[in-house]
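*Asks:* Here you go, one structure.
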Amino acid sequence: MVEALSVEKRYRVGKGELWALDSVDLSLERGKTLALVGESGCGKSTLARLFSLLEEPTGGKILFEGRELNKLSRPELARFRRSVQMIFQDPYSSLNPRMRVGEIIGEPLDIHKLAAGNKRGERIAELLDLVGLPKEAAMRYPREFSGGQRQRISIARALAVEPEVIIADEPLSALDVSVQAQIITLLKKLQEERGLTYLFISHDLRVVEYLADEVAVMYLGELVERAGGEDLFSAPLHPYTSALIASSAKPDPGEPRGDGGVRGEAPSPLERPEGCFFHPRCPKAFDTCYHVRPEPLTLAGGRMVRCHLYSQG
């Protein structure tokens, strides 16, 4: 599977340096869904791009089946690109408007030489059926479809090369709530039928609570907590995780979940605070938090938390 070891990603911005990711350790478990959550700008999408080889890390390693991505041979790299596919956030911009749907779905088949002639057409029809679209859709253009249908086309394109891992970067955020439910059901069905591994990136904790086997929480480029989905939502450890959950709404409209929420604005990644990055917004911060950056701690059951509250005594 795909794994990040002490991964860093920095960007030069003027005379400064923007830390998008800092010392991230994360691995995907075969056949499971790992959700990555956090506020906008925390590094979620950057990590997705590193996992899919759209960018390379500044430091640390990205591994595929134990091998560093930047050391893979051409045949190994081709296998990686088949094995790991991505579904993007915006189904309106991620599909080429000048290509018919059949060409969009067929393009990966051509690149990887997986089907040609009649078999290619049959495979495209099969993929359309798999995501709940008629085979006639192959002759139409993306603009002729709704947002939910376009996202189904994106999913069909990702499935064309029979991947093992799908990285879904906010795949529901551009869709209406009713359409989101349809896509969630489709993703669950495909995972059950095909044993897919998902890295699911979202800011919607209600969706994450339903989908995820494990949840990793990011804040200002670092992981602050990682736990099984049920454990994290029933007993969050990090104050930031607690605030995120408190900020999310229950399914019943107007009924808040928990007390409080995330207060204030996140600091700029160009000017990260000394000590714990979260301390300017944390209701439980004490003296150590202002000066010492906490190390990640592995607790009973394999939970990880990066917080001085759990390193005392």
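The values are calculated or read from the model by the stated rules, or taken from the named source; none is laboratory data. Everything numeric here is computed off the predicted structure, so don't read it as measured data. Methodologically, a virtual Cβ is constructed for each residue, glycine included, from the backbone with ideal geometry; neighbour enumeration extends over all protein chains shown.
*Asks:* Taking residue 50, is it assigned to a helix (DSSP H, G or I) and among the aliphatic types (A, V, I, L, M)?
*Replies:* It is true that residue 50 is assigned to a helix (DSSP H, G or I) and among the aliphatic types (A, V, I, L, M).
For (1) loosely packed, with under 15 Cβ neighbours inside 10 Å; (2) in contact with a Lys or Arg (Cβ under 8 Å, 6 or more places away or on another chain); (3) outside any helix (DSSP H, G or I), each residue gets a yes or a no:
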residue: 12; (1), (2), (3): yes, no, yes
residue: 19; (1), (2), (3): no, yes, yes
residue: 42; (1), (2), (3): no, no, yes
residue: 45; (1), (2), (3): no, no, no
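Each row is one residue, and each column tells you yes or no for (1) small (Gly, Ala, Ser); (2) out of contact with any helix residue (DSSP H, G or I) (no Cβ under 9 Å at 6 or more places or on another chain).
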| residue | (1), (2) |
| --- | --- |
| 83 | yes, yes |
| 96 | no, no |
| 106 | yes, no |
| 116 | yes, no |
| 122 | no, yes |
| 127 | no, no |
| 130 | no, no |
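*Asks:* Which one is surrounded by the most Cβ atoms within 10 Å (Cβ to Cβ) among residues in the range 116-153 that are of a type in the set (S, T, N, Q) and part of a helix (DSSP H, G or I)? It would help to see each step written out before you state the result.
*Replies:* In the first step, residues of the range 116-153 are kept if they are of a type in the set (S, T, N, Q); the result is 118, 146, 149, 151.
Going one step further and asking which of them are part of a helix (DSSP H, G or I), we end up with 118, 149, 151.
On the way: 118: 8, 149: 20, 151: 30.
So the residue we want is 151.
*Asks:* Let me ask something additional. From the list 168, 156, which one is touching a residue at least 24 places away in the same chain (Cβ under 8 Å), surrounded by 16 or more Cβ atoms within 10 Å (Cβ to Cβ), among the aliphatic types (A, V, I, L, M) and under 15 Å from residue 104 (Cβ atoms)?
*Replies:* Details: 168 fails: under 15 Å from residue 104 (Cβ atoms).
156 is the lone residue from the list that is touching a residue at least 24 places away in the same chain (Cβ under 8 Å), surrounded by 16 or more Cβ atoms within 10 Å (Cβ to Cβ), among the aliphatic types (A, V, I, L, M) and under 15 Å from residue 104 (Cβ atoms).
*Asks:* Further question: Looking at the range 239-257, can you tell me whether even one residue there is at pLDDT 95 or above, hydroxyl-bearing (Ser, Thr, Tyr) and more than 26 Å from the chain's Cα centre (by Cα)?
*Replies:* No, every residue in the range 239-257 fails to be at pLDDT 95 or above, hydroxyl-bearing (Ser, Thr, Tyr) and more than 26 Å from the chain's Cα centre (by Cα).
*Asks:* Which condition number does residue 113 fail, the rest of (1) surrounded by fewer than 16 Cβ atoms within 10 Å (Cβ to Cβ); (2) assigned to a helix (DSSP H, G or I); (3) at pLDDT below 95; (4) among the charged types (D, E, K, R) being met?
*Replies:* (2)
*Asks:* Filter the range 162-183 for residues that are of a type in the set (Val, Ile, Thr) and at pLDDT 95 or above; which is nearest to the chain's Cα centre (by Cα)?
*Replies:* Filtering the range 162-183 down to residues of a type in the set (Val, Ile, Thr) leaves 165-167, 177, 179, 183.
Filter once more, keeping what is at pLDDT 95 or above: 165-167.
Details: 165: 11, 166: 9, 167: 6 Å.
My answer is 167.
*Asks:* State the number of residues belonging to the range 58-110 that are buried (at least 17 other Cβ atoms within 10 Å of the Cβ), closer than 25 Å to residue 23 by Cα and more than 21 Å from the chain's Cα centre (by Cα).
*Replies:* Here the count works out to 1.
*Asks:* Could you grab me the full set of residues in the range 297-307 that are at pLDDT 95 or above and either in a loop (DSSP other than H, G, I, E, B) or crowded, with 21+ Cβ neighbours inside 10 Å (or both)?
*Replies:* 305, 306, 307
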